[in-house]
There are 2 protein chains.
Amino acid sequence: MTAPLFNRMALIGVGLIGSSIARAARAQGLVRSIVATARSVETRARVAELGIADRVVDSNLAAVEGADLVILCIPVGQCGAVAEEIAPRLAPGAILSDVGSVKAAIVRDVGPHVPAGVHFVPAHPVAGTENSGPDAGFAELFINRWCILTPPEGTDPGATDKLATFWSALGANVETMTPEHHDLVLAITSHLPHLIAYTIVGTADELEQVTRSEVLKFSAGGFRDFTRIAASDPTMWRDVFLANKDAVLEMLGTFSEDLATLTRAIRRGDGDTLFELFTRTRAIRRGIVSIGQDSDTPDFGRPHEKLPPLPRPYMADGE
Amino acid sequence: MTAPLFNRMALIGVGLIGSSIARAARAQGLVRSIVATARSVETRARVAELGIADRVVDSNLAAVEGADLVILCIPVGQCGAVAEEIAPRLAPGAILSDVGSVKAAIVRDVGPHVPAGVHFVPAHPVAGTENSGPDAGFAELFINRWCILTPPEGTDPGATDKLATFWSALGANVETMTPEHHDLVLAITSHLPHLIAYTIVGTADELEQVTRSEVLKFSAGGFRDFTRIAASDPTMWRDVFLANKDAVLEMLGTFSEDLATLTRAIRRGDGDTLFELFTRTRAIRRGIVSIGQDSDTPDFGRPHEKLPPLPRPYMADGE
């Protein structure tokens, strides 16, 4: 006979990520029971209604009581204070983890509060959608996505392995790296793209020469792609930029230089520089598709309606 | 009895757009016959093989002979020279159109070559995918997308109406505006997004601290969205930036200012400025979805696999 990997998993925060973990862990039989809590009474009520946890409690302390896996699924900026609050009640031998998009700040803010005998293994599942809240989650979210673990030096390798096993069972590929390297990698693969998307959507919204209605109507020319990630959770993303300031500013600096080079090429009518870059970038897309990190269906597989049956009002009379 | 809207449609260039027009026009019975040509012998052979035109000819002059609708489906930079070449052979009363993403340059480059008695009605269907070539086209591409017509002053309204009817029958919504306004609107809804996507993909590809393999693996954090439009046709896009230089530079200027403001907010730890913008941009996404210009399925509806049946190697032995 086999038993679940963990006896009791406590989720602090049940948004898109927390609720996806709950659904997937239950679907895979990875935990005997799930206790969840959330800051707002509305979210707690909704989680209870959805039935994705075995128990919904109204305090962080009550949630972690007796749990052998505790996952903070809250914005990065709140993790330090919550860790301080729950520390006294964490069970000896428990694993404490998180899902934050920034890792050095988490190690800095959470680490000092972790009691001896509790294993702190920060994690970041690189997965998500533009939606937020407990209803947005689904069990398949982590399949074939990467989950990055950044155990601080001295972490019990057994605890890291156990958390890696957990994430693998949710469908993820697991990789371990230092928090600092994680923050650099994510600055370019996630944080800068979000910042740029937010910026251009804001720019389009404030133009005097082009109306908002025109921006919306003609957005299929490329703009609409950016609006998806610019619809991501504002609190989460504010915290990401504040917590990963240095790496984001570094990537922003490089990006701005590259943009200046292209701007100059356009101003000078230097088509060769443009053509060279536009040819090179195709290879990156092919690489992403070939390793299964995006679909090769054109236009992300957006649905297309069928042509309507011909009303033929536009037909001229013939002989 | 009714007759098709046009007797013979000539397509010069049969890439994503040209081949989609051919497929959709035939599906809707809009034209009695389709004559197509393309610059490369490979493309012509492939078009013949696909059978999407009634006749494939090997010169532009042969293609336009006797056609009452001629559509240039080639990069913007080539339209002037092709117009000059075909002008002597255009049939009196024919409509000459195009599908270019820039309109003032088309009016400037093509307009002077149009013979008296031929109706020049520039058009831009705001639709596409990241794929190129005759195989990439499909009949449903234009459904519920906008097609913008920019008839120069003095154009016969009957010709404009007839072309609008044609595009409506392909499934598009049709709007008319000046070439100059078109170029400003598309600079923000299409050209700048492409330029930024190309830039960031190039930036990511040249980093020293983050390997290409890491960029690909962790691209689901947001970056992969940008790679799709950065995989668009290089020749087409080089021409767009050269032909719409002024409007693109203007939008780039505004975008760069906005990016500088956000950079400063991050540097100063000003979370309120970030939060305010990130909240505002959500409304734009909702607007685009509500008018049917994008799907409300999370993550563009990208497919998610099912969780694998439990191999349960990660289960501990229980009692």
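Of the numbered conditions (1) over 18 Å from B:Phe255 (Cβ atoms); (2) within 7 Å of another protein chain (Cβ to nearest Cβ); (3) surrounded by fewer than 18 Cβ atoms within 10 Å (Cβ to Cβ), A:Arg238 satisfies every one except a single condition; which is it?
(3)
When you scan segment B:297-307, how many residues do you find that are assigned to a loop (DSSP other than H, G, I, E, B) and surrounded by 13 or more Cβ atoms within 10 Å (Cβ to Cβ)?
Filtering segment B:297-307 down to residues assigned to a loop (DSSP other than H, G, I, E, B) leaves B:297, B:302-307.
Of the ones still in play, those that are also surrounded by 13 or more Cβ atoms within 10 Å (Cβ to Cβ) are B:297, B:302, B:304, B:307.
Here the count works out to 4.
Could you please let me know if B:Phe255 is modelled with pLDDT under 95 and either within 24 Å of A:Asp239 (Cβ to Cβ) or part of a helix (DSSP H, G or I) (or both)?
Taking the combined requirement at face value, the residue does not satisfy it.
So for segment A:79-101 (the condition being within 14 Å of another protein chain (Cβ to nearest Cβ), among the β-branched types (Val, Ile, Thr), touching a Phe, Trp or Tyr at 6+ places or on another chain (Cβ under 7 Å) and at negative phi), does at least one residue qualify?
no
For segment A:190-210: of the residues being over 28 Å from A:Asp98 (Cβ atoms) and more than 7 Å from chain B (Cβ to nearest Cβ), which is surrounded by the most Cβ atoms within 10 Å (Cβ to Cβ)? Talk me through it step by step, then tell me what you get.
We begin by selecting, within segment A:190-210, every residue over 28 Å from A:Asp98 (Cβ atoms); these are A:200-210.
If we keep only those that are more than 7 Å from chain B (Cβ to nearest Cβ) too, we end up with A:206, A:208.
Values: A:Glu206: 11, A:Glu208: 6.
For segment A:190-210, the residue satisfying everything is A:Glu206.
Report whether or not A:Arg268 is touching a helix residue (DSSP H, G or I) at 6+ places or on another chain (Cβ under 8 Å), farther than 30 Å from A:Gln78 by Cα and surrounded by fewer than 22 Cβ atoms within 10 Å (Cβ to Cβ). Explain how you work it out, then say what you get.
Numbers: touching a helix residue (DSSP H, G or I) at 6+ places or on another chain (Cβ under 8 Å): no; farther than 30 Å from A:Gln78 by Cα: yes; surrounded by fewer than 22 Cβ atoms within 10 Å (Cβ to Cβ): yes.
Here the answer is no, as A:Arg268 does not meet what is asked.
Going through segment B:128-156 one residue at a time, which ones are closer than 13 Å to B:Ser19 by Cβ and of a type in the set (A, V, I, L, M)?
Matches in segment B:128-156: B:Ala136, B:Ala139, B:Leu141.
Of A:Ala164, A:Ala187, which residue is buried (at least 19 other Cβ atoms within 10 Å of the Cβ), more than 9 Å from chain B (Cβ to nearest Cβ) and either in a helix (DSSP H, G or I) or within 14 Å of the chain's Cα centre (by Cα) (or both)?
Result: A:Ala164 is the single residue among A:Ala164, A:Ala187 that is buried (at least 19 other Cβ atoms within 10 Å of the Cβ), more than 9 Å from chain B (Cβ to nearest Cβ) and either in a helix (DSSP H, G or I) or within 14 Å of the chain's Cα centre (by Cα) (or both).
Go through (1) facing chain A (nearest Cβ under 8 Å); (2) closer than 28 Å to B:Ala94 by Cβ for B:Ser132 and report which single condition fails.
With respect to (1) facing chain A (nearest Cβ under 8 Å); (2) closer than 28 Å to B:Ala94 by Cβ, B:Ser132 is out only on (1).
The values are calculated or read from the model by the stated rules, or taken from the named source; none is laboratory data. If you're wondering where the values come from, they're calculated on a predicted model, not measured in any experiment. Cβ: placed from backbone, ideal geometry, glycine included. Neighbour counts: every protein chain shown.
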